[in-house]
Amino acid sequence: MVETVKWIKENSLALTFLVLFLLAVAGQAVAGMFHYNDEQVAQGGEPVSLLSYVASSSYAVDVAENWQSEYLQFFLFIMLTVWLVQKGSPESKELDRAGAESDEDQRVGRHADPDSPRWARAKGLRLWLFSNSLGLVMGLIFLLSWLAQSVAGQAAYNAERLGDLRDPVSYGSYVTSGEFWDRSLQNWQSELLAVLSMVVLSIYLRQRGSPESKPVGAPHTSTGVEG
């Protein structure tokens, strides 16, 4: 029991966000089904069950387009903060540390600690993969989410066109259409604005106790310092 409580405490941030994520996905499914059925009835169609809606392209495209924009945000932030800095922001590295940094700074190869991950002590491809694994995985999830959005989006778009007695479009035509890019860019701009806001507002504003904020008494010019 003590070990279980300890494990929950040590993983409380991830567990809380997992629960919130599952609740949001479930809520979106229910709310989306009611909205979809309202449109179906208005157009003379039949309402669908929750299971049928969750298995539909309409639900899949809504979920996938949100996921791909989120992972695009993470991927860009991870990769750009290697080289770019922002004076005064805790979201930035210190101004003189731009770049991939030395093996000694990164504690890899012969500079690895005894408790460093095994691949941090490796050489060649294994070390390169581990050194870039976070960006690679985030980028891969973005691409897969983008692919899922495009495939589900084409199916949903063609279902609407067939309902209006119009010809369906090919995959190539859909991913170059205004419909596809309107959906994508609506999400991208909001994610990029959120990152910009976090980077800039964290220069001047504080949240006591949060690692996303500088210490309350830190100067506005302090860079790469977390509370």
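The values are calculated or read from the model by the stated rules, or taken from the named source; none is laboratory data. Only a predicted model underlies this, so the values are computations on that prediction, with no experimental measurement involved. Cβ: placed from backbone, ideal geometry, glycine included. Neighbour counts: every protein chain shown. The area values use the complete protein model at the heavy-atom level, side chains included, leaving out ligands, DNA and RNA. Shrake-Rupley method; radii C 1.70, N 1.55, O 1.52, S 1.80 Å.
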Handout entry: Sequence-separation-based contact order of the stretch 108-198, relative, with Cα cut under 8 Å and 6+ spacing, percent
Key = 14 percent
Practice task
Let me have the relative contact order for the chain, percent, based on Cα pairs under 8 Å that are six or more residues apart.
Solution key: 25 percent
Practice task
Return the FRET efficiency for the residue pair GLU39, LEU196: r is the Cβ-Cβ distance, R0 is 30 Å, and the value is rounded to the nearest 0.05.
Solution key: 0.30
Handout entry: Shape of the stretch 121-227, Cα gyration tensor, a/c cut at 1.5
Key = oblate
Practice task
Mind running the shape call on the stretch 1-61? Use the C-alpha gyration tensor, a ≥ b ≥ c as the square roots of the eigenvalues: rounded below 1.5 for a/c, prolate if a/b tops b/c, oblate otherwise.
Solution key: prolate
Completion exercise
The Cα radius of gyration of the stretch 1-118, divided by 2.2 N^0.38 Å with N its residue count, comes to 1.70
Problem - For peptides 73-82, 110-119, sequence by mean Cβ density within 10 Å, most packed first - result: 73-82, 110-119
Handout entry: 3J(HN,Hα) from dihedral phi, the stretch 181-198, Karplus parametrisation 6.51/-1.76/1.60, rounded to Hz, x for glycine, proline
Key = 6, 5, 5, 5, 5, 4, 6, 4, 5, 5, 5, 5, 5, 4, 5, 4, 4, 5
Exercise for the section: Would you calculate a helix-derived [θ] at 222 nm for the chain, using -39,500 (n - 2.57) for each DSSP H run of n ≥ 4 and dividing by the full residue count, to the nearest 500? Expected result: -21500 deg cm²/dmol
Exercise for the section: For the stretch 65-147, just say rounded, prolate or oblate: build the C-alpha gyration tensor, square-root its eigenvalues into a ≥ b ≥ c, call rounded for a/c under 1.5, and beyond that prolate if a/b exceeds b/c, oblate if not. Expected result: oblate
Problem - R0 of 41 Å, Cβ-Cβ distance ARG110-LEU20: FRET efficiency to nearest 0.05 - result: 0.45
Problem - Where the stretch 92-224 is the region considered: accessible area per residue in Å², 1.4 Å probe - result: 66 Å²
Exercise for the section: Beta carbons within 10 angstrom, averaged per residue: use that to sort the peptides 148-160, 194-206, 1-13, highest first. Expected result: 148-160, 194-206, 1-13
Practice task
Please provide three numbers in whole Å: the alpha-carbon extents of the chain along the principal axes, with the largest listed first.
Solution key: 66, 43, 39
Problem - Relative contact order, percent, the stretch 32-130 [alpha-carbon distance under 8 Å, six or more residues apart] - result: 11 percent
Practice task
Take the Cβ-Cβ distance between ALA100 and LEU144 as r, set R0 to 25 Å, and report the resulting FRET efficiency rounded to the nearest 0.05.
Solution key: 0.45
Handout entry: Where N is the number of residues in the stretch 165-217, Cα Rg divided by 2.2 N^0.38 Å
Key = 2.00
Completion exercise
Share of accessible surface on carbon and sulfur in the chain, whole %, 1.4 Å probe and ligands ignored, is 64 percent
Practice task
In nm, give the distance between the simple-model label positions of MET1 and SER210, each being 7 Å from the Cα along the Cα-to-Cβ direction.
Solution key: 3.6 nm
